[in-house]
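Data first, discussion second: the structure below is written as structure tokens.
Quick note: the coordinates plus some simple rules give every number you see, no bench work behind them. Since we're looking at a predicted model, the values are computed, not measured. Cβ: placed from backbone, ideal geometry, glycine included. Neighbour counts: every protein chain shown.
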Amino acid sequence: MGGFFAVASKESCVMDLFFGTDYHSHLGTKRGGMAVYGKKGFDRAIHNIQNSPFRTKFEWDVEELEGNLGIGCISDFEPQPLLVHSHLGSFAVTTVGRINNVDELVKECFEFGHTHFLEMSGGNINPTEITAALINQKGSIAEGLANVQEKVDGSMTVIVLTPEGIYASRDRLGRTPVIIGKKEGAFCASFESFAYLNLGYQDYKELGPGEIVYMTPESVETVKEPGEEMKICSFLWVYYGYPTSTYEGVNVEKMRYECGRMLAKRDDAQPDSVAGVPDSGVPHAIGYANESGIPYERPFIKYTPTWPRSFMPANQSQRNLIAKMKLIPVHELIKDKKLLLIDDSIVRGTQLGETTEFLYDSGAEEVHIRTACPPLLYGCKYLNFSRSSSEMDLITRRIIQRREGEVTPELLEDYANPDSENYKAMVEEIRKELNFTSLKFHRLDDMVEAIGISPCKLCTYCWNGKE
């Protein structure tokens, strides 16, 4: 997905920028970058962070970078931030989101007079450069950011660094968050609300959907008012968000406890213990254990010193290997036990199936699986939260196609209904294919209730296909 951090300070911004950006490392592991503006003008550093943490790669750059204004990012795909010189002046830009209408926008840029694109990433045009080109179509950066919101099919949150200040533009429907922090002599803008707390900032405001602000060391000015419609990504609470973050007033860890509690209320399993798949499955399991009274235990431990989150590598076989290697079994808590395991979701099913197998190999008598969200039926088309190249990568869609042949929107709607016979048959086939003793998914209505904000403000597309 990716994350960002920005600082406008009366003093040097570099250390705040360094640590604030580092606090977004859970959101991606391909590229990291920082850009600052100071007496020497713009300066920038970008590094590959696939094999080494952000903090390690950038600790030497901290000694070289100078400035009181800066932006930083963790990117899952493209090198960022980009430095741009145009009729609007010089600026640095970083983005989080996804552009679905790339070809259409590139054609429009060429027709508008844009001559070429330089930043190629994996053979594709860097979407951050497309965003910069859309900004440059207008007479000011604020107008250009509004142009991005209007023309991008998908979602694009944008941070722009100028010599005078920083623009923060939340995507049109607020699918990803932008939170402003404040301390004496400085403001910051962050994806994650916790990223600035240890740096001395306090909560100042959360941008509304489509809101654009201009941030200086002295003030934060709204240059485009927020829209009324919001579709924030529900998966932020289920999986992506860091436990200490809060979005729209709802803390991630607290939501996950509530999610687990509601799972337990609908369950009748009688395992010996409850466990969560590290890391995001753990708080869901704690909530389940607290509600059910079944002991919470850790039958396997994540080896945290070296293994990153398993979804990070681009290669599926590498992801599967890491998922296996990073979890160390505790045989004394597994042998002859009935285990209930909670994961945040089931995407392809490969990793959870292999986890179940090693529990059986370690002597488990039963392995019951519960997931903290409903079955994923649609690939996300708004954020890069999955590397799946096809919806057929989803275990649900493969099973539905085997059962039905031709898959129609009407069929998918029925399979998304937890009270339908098709839904029950799909869940049973997943259970058999992955060799679980039993399998239950969280209901969408319960998950939405666990989040606790108005359902019309939540994006639930990946579960029910509704935009």
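Overview of results
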{"item": "Exceeding the 20 Å Cα-Cα cut-off - candidates LYS183/LYS457; LYS151/LYS224; LYS151/LYS231; LYS30/LYS57; LYS183/LYS205", "result": "LYS183/LYS457"}
{"item": "Considering only region 253-464, percent of DSSP beta bridges that pair antiparallel, nearest 5", "result": "15 percent"}
{"item": "Table column - 3J(HN,Hα) (Hz), region 62-79, Karplus curve with 6.51, -1.76, 1.60, x for Gly and Pro", "result": "4, 6, 9, 6, 9, x, 10, 10, x, 10, x, 8, 10, 10, 7, 9, 8, x"}
{"item": "nm² value of the averaged projected area, convex hull over the Cα atoms of the chain", "result": "21.8 nm²"}
{"item": "Expected-Rg normalisation [2.2 N^0.38 Å, Cα atoms] applied to region 253-464", "result": "0.99"}
{"item": "Peptides ranked, highest mean first, by Cβ atoms within 10 Å: ranges 152-159, 272-279, 101-108", "result": "152-159, 272-279, 101-108"}
{"item": "Charge dipole of the chain about the Cα centre (unit charges at C-beta), most positive-ward option of PRO299, SER245, VAL160", "result": "PRO299"}
{"item": "Pair-distance profile P(r), taking every C-alpha pair of region 216-287, with 5 angstrom steps and integer %", "result": "3, 13, 19, 17, 13, 12, 7, 6, 4, 2, 2, 1"}
{"item": "The chain, dipole about Cα centre (Lys/Arg Cβ +1, Asp/Glu Cβ -1), debye to the nearest 20", "result": "620 debye"}
{"item": "Whole-angstrom Cα spans of region 55-175 along principal axes, big to small", "result": "43, 31, 31"}
{"item": "Computed over region 369-467: relative contact order in percent, which uses C-alpha pairs under 8 Å that are six or more apart", "result": "43 percent"}
{"item": "Helix 421-434 axis, angle to the chain major axis (alpha carbon atoms, nearest 10°)", "result": "90 degrees"}
{"item": "Restricting region 327-373 to GluC sites (Glu not before Pro) in coil, as DSSP defines it, with at most 15 other Cβ within 10 Å", "result": "GLU365"}
{"item": "Distance between region 1-53 and region 349-384 - C-alpha centres, whole angstrom", "result": "34 Å"}
{"item": "Over the chain: helical MRE at 222 nm, DSSP H runs n ≥ 4 each giving -39500 (n - 2.57), nearest 500", "result": "-8500 deg cm²/dmol"}
{"item": "Rel. contact order, % - alpha carbon contacts under 8 angstrom, at least six apart, the chain", "result": "12 percent"}
{"item": "Candidates per GluC sites (Glu not before Pro) in region 32-74, loop by DSSP, up to 12 other Cβ within 10 Å", "result": "GLU59"}
{"item": "Cβ-placed point charges (K, R +1; D, E -1), dipole of region 3-230 about Cα centre in debye, nearest 20", "result": "220 debye"}
{"item": "Farthest positive-ward along the chain dipole, Cα basis, beta-carbon charges - from SER420, GLY379, THR131", "result": "GLY379"}
{"item": "Candidate aspartates and glutamates for bridging to LYS337, where Cα separation is under 16 Å - those fewer than 8 sequence places away on the same chain excluded", "result": "ASP272, GLU297, GLU357, ASP361, GLU365, GLU366"}
{"item": "Packing-based order for 291-304, 257-270, 166-179, 6-19, using average beta carbon neighbours within 10 Å, highest first", "result": "166-179, 6-19, 257-270, 291-304"}
{"item": "Relative contact order %, region 1-45, counting alpha carbon pairs below 8 Å whose residues are six or more apart", "result": "33 percent"}
{"item": "Region 1-113: mean projected area of Cα convex hull, nm²", "result": "7.8 nm²"}
{"item": "Angle in degrees between helix 252-265 and the longest Cα principal axis of the chain, rounded to the nearest 10", "result": "20 degrees"}
{"item": "22 Å Cα-Cα reach of LYS40 towards lysines, excluding residues that sit fewer than 8 places from it in its own chain", "result": "LYS10"}
{"item": "For region 43-86, average projected area of the Cα convex hull in nm²", "result": "3.8 nm²"}
